[in-house]
1. Please go through the stretch 237-269 and give me each residue that is part of a loop (DSSP other than H, G, I, E, B) and either within 13 Å of Val203 (Cβ to Cβ) or in contact (Cβ under 8 Å) with a residue 40 or more places away in the chain (or both), ordered by number.
2. Return the residues of the stretch 45-66 that are out of contact with any strand residue (DSSP E or B) (no Cβ under 8 Å at 6 or more places or on another chain), of a type outside the set (Ser, Thr, Tyr) and farther than 18 Å from Arg156 by Cα; say none if nothing qualifies.
3. Listed residues Ala93, Ala44; which is hydrophobic (A, V, I, L, M, F, W, C), under 16 Å from Leu143 (Cβ atoms) and away from the ligand (no atom under 14 Å from the Cβ)?
4. Select, from Val101, Val75, the only residue that is surrounded by 16 or more Cβ atoms within 10 Å (Cβ to Cβ) and within 12 Å of the ligand (Cβ to nearest atom).
5. How many residues are of a type outside the set (S, T, N, Q) and more than 15 Å from the chain's Cα centre (by Cα) when one looks only at the stretch 131-163?
6. Name the pairs: first residue in the stretch 58-85 and of a type in the set (Ser, Thr, Tyr), second residue surrounded by 15 or more Cβ atoms within 10 Å (Cβ to Cβ), Cβ to Cβ under 7 Å, at least 6 apart or on different chains?
7. So, in the stretch 93-127, exactly how many residues are in contact with a helix residue (DSSP H, G or I) (Cβ under 8 Å, 6 or more places away or on another chain) and in a helix (DSSP H, G or I)?
8. Take the conditions within 16 Å of the ligand (Cβ to nearest atom), in a helix (DSSP H, G or I) and exposed (fewer than 15 other Cβ atoms within 10 Å of the Cβ) and apply them to Ser214. Does it pass?
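Every read-out reported here was derived from the displayed coordinates using simple, explicitly stated rules and does not represent laboratory data. Note that this is a predicted model, so its numbers are computed, not measured. Cβ: placed from backbone, ideal geometry, glycine included. Neighbour counts: every protein chain shown.
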Amino acid sequence: MQNDRRYVPHVEGTLMKLPASGRRVLVSGASRGLGRAVAQAFAANGDRVAVHFASRADDARVTLESLDGTGHALVGGDLADPTGAVAVADAAAEALGGIDVLVNNAAVNLRHPLPETPYEEWVAVWQRHVSVNLLATANLSHLAARRMIDQGSGGRIVNIGSRGAFRGEPDHPAYGATKAAVHALGQSLAVSLAPYGIAVASVAPGFFATERVSSRLEGVEGAAIRAQSPFGRVAEPAEIAAAVLWLASPAAEWSSGTILDLNGASHLRS
Ligand SMILES: NC(=O)c1ccc[n+]([C@@H]2O[C@H](COP(=O)([O-])OP(=O)(O)OC[C@H]3O[C@@H](n4cnc5c(N)ncnc54)[C@H](OP(=O)(O)O)[C@@H]3O)[C@@H](O)[C@H]2O)c1
């Protein structure tokens, strides 16, 4: 019986089809880096974007001004705070007139190798990763998906996970663990939201060149990181954004539940 639910919208009338452009897209953490590239990819596709930031308002404004088209919006707020997440979702929905696509991109990645990290710091860093990387993703997914359900027009959620969930993150264990949880969350939501025409997918990127990792991409460490891929390089954010845009497309409905490796063959899962 569960399969029948896909064809029985919860609202009166017929479930509308998700359009290929002109959609209302909330991108968390779009002040710079991948979030900016994702916002630019959706805008270039003819979608309208709510550019979210936490602390870098000026950078987020640069993102906003770089977008093709009109009707985009700037939305600030701390997603580690559940009430902050409500304010962000409300502001995005009000500015865009609803939410059709959510990209959960905001995250922290703090170094805390166990052998060198005092217990109090370990506890604080874990709590920070869980709050931002996992709970904010879960909360924003709830807030956006409930709107998609009420709109009756289907939708898409794309989570930015990480290769580190599979390969291990010895210097950033809370990061690896929370990204694995984000992948698992996406798979659970893919099943529960499919009856409403909402597809949920995650990407698991290896290194790509953003401001946050630029210092690690210099010198000996940078050479070692580039050597992880047989292509001898790291990715550009636009390469990750292209996959996110596709996973949010109507054509990607059948990819719901996937965790897409985007790592230049640097880590092959069996
Ligand atoms: N770069 C890589 O090599 C790599 C590899 C695999 C996966 N990833 C993932 O890709 C995504 C983007 O990475 P990036 O390198 O572009 O990172 P980034 O430049 O550090 O951007 C992170 C974004 O998250 C936002 N953010 C941080 N804490 C927040 C909070 N409490 N509430 C709301 N927003 C918050 C930041 O907002 P503000 O700047 O406004 O504070 C920023 O916009 C992340 O999910 C990351 O884990 C990155």
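1. If we filter the stretch 237-269 for residues that are part of a loop (DSSP other than H, G, I, E, B), which is where we start, we get 248-249, 256-258, 263-269.
The answer is Ala248, Ser249, Ser256, Gly257, Thr258, Asn263, Gly264, Ser266, His267, Arg269.
2. Narrowing the stretch 45-66 to residues out of contact with any strand residue (DSSP E or B) (no Cβ under 8 Å at 6 or more places or on another chain): 45-46, 55-56, 58, 62, 65-66.
This time we only want the ones that are of a type outside the set (Ser, Thr, Tyr), so: 45-46, 56, 58, 62, 65.
Those that are out of contact with any strand residue (DSSP E or B) (no Cβ under 8 Å at 6 or more places or on another chain), of a type outside the set (Ser, Thr, Tyr) and farther than 18 Å from Arg156 by Cα: Arg56, Asp58, Val62, Glu65.
3. Details: Ala44 fails: under 16 Å from Leu143 (Cβ atoms).
The conditions single out Ala93.
4. On the way: Val101 fails: within 12 Å of the ligand (Cβ to nearest atom).
Sole residue among the options that is surrounded by 16 or more Cβ atoms within 10 Å (Cβ to Cβ) and within 12 Å of the ligand (Cβ to nearest atom): Val75.
5. As a first pass, look at the stretch 131-163 and keep what is of a type outside the set (S, T, N, Q): 132, 134-136, 138, 140, 142-150, 152, 154-158, 160-161, 163.
In the following step, the residues that additionally are more than 15 Å from the chain's Cα centre (by Cα) were identified as 146-150, 152, 154.
Result for the stretch 131-163: 7.
6. As it stands, the answer is Thr63/Ala30; Thr63/Ser31; Thr63/Arg36; Thr63/Ala39; Thr63/Val51; Ser66/Gln40, since those pairs meet every condition given.
7. 5
8. Working: within 16 Å of the ligand (Cβ to nearest atom): yes; in a helix (DSSP H, G or I): yes; exposed (fewer than 15 other Cβ atoms within 10 Å of the Cβ): yes.
Yes.
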